[in-house]
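Written below as structure tokens is the structure these notes are about.
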Amino acid sequence: MISSMSVIVIGVGNSVLTDDSVGLQVVGQLAEQLHNRPEVITLQWHTGGIGLMEVMSGHDKAIIIDAIVTEGGKPGTIYSLGTSDLLHCRNVHSTHDASLAVALELGRLVGLPLPEEVKIWAIEAGDVSTFSETLTQEVARAVPSVVGHVFRQLEATRSLAGEQL
């Protein structure tokens, strides 16, 4: 059962494609730190679009962590994004699924209880095509910072909800 103020933190990626696993690794570290926070659910997820939208349903807030590839981007760069920012990213559209922005819009149109706030933390990837379970050095160096950003965001959410720290 979902509590009155529920936050879902989702790490998206592929665990065997080098930097594409960064979202999964960040969420893995956060899960260890958040074990005493029943209002925060952590999830490692492997698909985007409609499936991602469905797992966010019923939560007040969603935080997504994923790798990103931008034109001319420097590996390890951290981006703080909203769903509208995704229109400028690679792999936004697929013949097999809708983009997250489109999926959220469709979900709202059919009345799904979707989060009012969706925050995306993206880390510029250096390599998303080599089979490896190890992040590149630049991306690995960004992980602790993203963990800290998300943790502080969750603490601020907790404070705004009037809970004791």
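Read-outs: derived from the displayed coordinates by stated rules, not from any lab. A quick note: this is a predicted structure, and the numbers were derived from the prediction, not measured. As a convention, Cβ positions derive from the backbone with ideal geometry for all residues, glycine included, and neighbour counts pool all protein chains shown.
At a glance:
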read-out: Read-out Rg/Rh (Cα atoms, Kirkwood Rh), derived from the coordinates shown; its label in (1) 1.51; (2) 0.96; (3) 1.04; value: (2)
read-out: Relative contact order computed over the chain (Cα-Cα under 8 Å; 6+ residues apart), in percent; value: 31 percent
read-out: Helix-only mean residue ellipticity at 222 nm for the chain, each DSSP H run of n ≥ 4 adding -39500 (n - 2.57), per residue, nearest 500; value: -10500 deg cm²/dmol
read-out: Burial ranking of peptide ranges 23-32, 135-144, 48-57, 104-113 (average Cβ count within 10 Å, highest at the top); value: 23-32, 48-57, 135-144, 104-113
read-out: Mean Kyte hydropathy of -1.0 or more with a Cα span along the axis of at least 15 Å, helices from DSSP in the chain; value: 22-33, 137-160
